[in-house]
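J.: Got a structure here, written out as structure tokens. Questions coming.
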Amino acid sequence: MLIHRTIQILILIAITLTSTIAFADAERIFLENNKAVVVVVTFDQKGEAISQGSGFIVTEDGAVVTNYHVISNAESIKIKAGDKILNVEGLLYIDKESDLVILKADDKNLPKVKIGDADKAGIGEKVYVIGSPEGLENTISDGILSGIREIGTKRKILQITAPISQGSSGGPVFNKNGEVIGIATFLVKEAQNLNFAMPVNVIKDNISVKKAIALQDAGIEDYSKSAEYWFYLGVAYHDKKLFREAIDAYKQAIRINPDMAEAHPLNRLLE
């Protein structure tokens, strides 16, 4: 009985220590990075706000990463960075296939995050997301990296258990060292417990781009009408085991872009 009781006490101590360490990591990561995490707000022609997402600053002169779908349909964009409201001069980089953009905010000497390497991330490791879900500005959630999905030959998606919801899209996913390894993306309410992030490596080499393209000249499209939107929707439905919805999404992606190679085998597999 004494041995059994001792084991129980040791297990309880281990659990307590683990929870304490995890909380300490979350607090440290938040304190080090929350000033570099921003709110991205888009406006229509009338100057009325139409959507809100998250983003993060990657250079001191105002390069901000967020999701492509956060800014689709925008006539203008503003960034809330702490107490500052920053104008967006234009776009430094667009990757619609990965649902990512880099915006150029009009400011200098800004705080920035540290960029990590998603290729070195391991399944089961702790991750932390800072974003503004449902308008709750700059909150942190934690979870684990639960999977790394290979989509075709070019793309990977990180699957995480840290909660993501509307407003979190575009927020940074940190490893335990406080380095960004992914960009949170949220597209479908039915799969909100299946959370995805794009590997930061996708945009890593484009952070230093200096020439911005004006928003009106960037050719931004309604993301919900793109093949990429329906493809990622299919991936989310597929992993949620909503197979009929997944088939419909993949078929829509193929209708929009018959050359989207990734959608064809997944659609055939489900059928």
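Readers should treat all values here as calculations from the given coordinates under stated rules, not as data from a laboratory. A quick note: this is a predicted structure, and the numbers were derived from the prediction, not measured. Note that we place each Cβ from the backbone using ideal geometry, even for glycine, and neighbour counts take in every protein chain shown.
J.: How big is the range 114-204 along each principal axis, measuring the range of its Cα positions in Å and listing the largest first?
T.: Its Cα atoms span 34, 29, 24 Å along the three principal axes.
J.: When a footprinting reagent is the concern and you count Cβ atoms within 10 Å, what order do VAL41, VAL88 take, fewest first? Provide the component values of the computation, followed by the final result.
T.: Working: VAL41 20, VAL88 23.
The fewest-first ordering by Cβ neighbours comes to VAL41, VAL88.
J.: Using the Cα centre of the range 114-204 as the reference point, and only Cβ charges (+1 on K/R, -1 on D/E), how large is the resulting charge dipole? Debye, rounded to the nearest 20. All intermediate terms of the calculation are to be shown ahead of the outcome.
T.: On the way: 10 positive and 9 negative charges, 62 e Å.
Dipole of the range 114-204, to the nearest 20 debye: 300 debye.
J.: Determine the sum of side-chain charges near ASP217: Lys and Arg each +1, Asp and Glu each -1, restricted to other residues whose C-beta is under 14 angstrom from that of ASP217. Could you put the intermediate results ahead of the total?
T.: Working: positive: LYS104, LYS211; negative: GLU75, GLU89, GLU221.
Value of the local net charge: -1.
J.: Order of SER208, SER72, SER54 from fewest to most other C-beta atoms within 10 Å?
T.: On the way: SER208 10, SER72 21, SER54 29.
If I rank by nearby Cβ atoms, fewest first, I get SER208, SER72, SER54.
J.: Return the sequence-ordered ³J(HN,Hα) values of the range 225-235 in whole Hz as given by the Karplus equation 6.51 cos²θ - 1.76 cosθ + 1.60 applied to θ = phi - 60°, using x for Gly and Pro.
T.: Going residue by residue, I get 9, 9, 5, 4, 4, 5, 5, 5, 4, x, 4 Hz, with x marking Gly and Pro.
J.: So, one more: Taking 19 Å as the cut-off for C-alpha to C-alpha distance, list the pairs among LYS46/LYS108; LYS84/LYS104; LYS225/LYS251; LYS35/LYS108; LYS154/LYS225; LYS154/LYS210 that go past it. Can you show the working numbers first?
T.: Numbers: LYS46/LYS108 29 Å; LYS84/LYS104 15 Å; LYS225/LYS251 13 Å; LYS35/LYS108 14 Å; LYS154/LYS225 22 Å; LYS154/LYS210 26 Å.
Exceeds cut-off: LYS46/LYS108; LYS154/LYS225; LYS154/LYS210.
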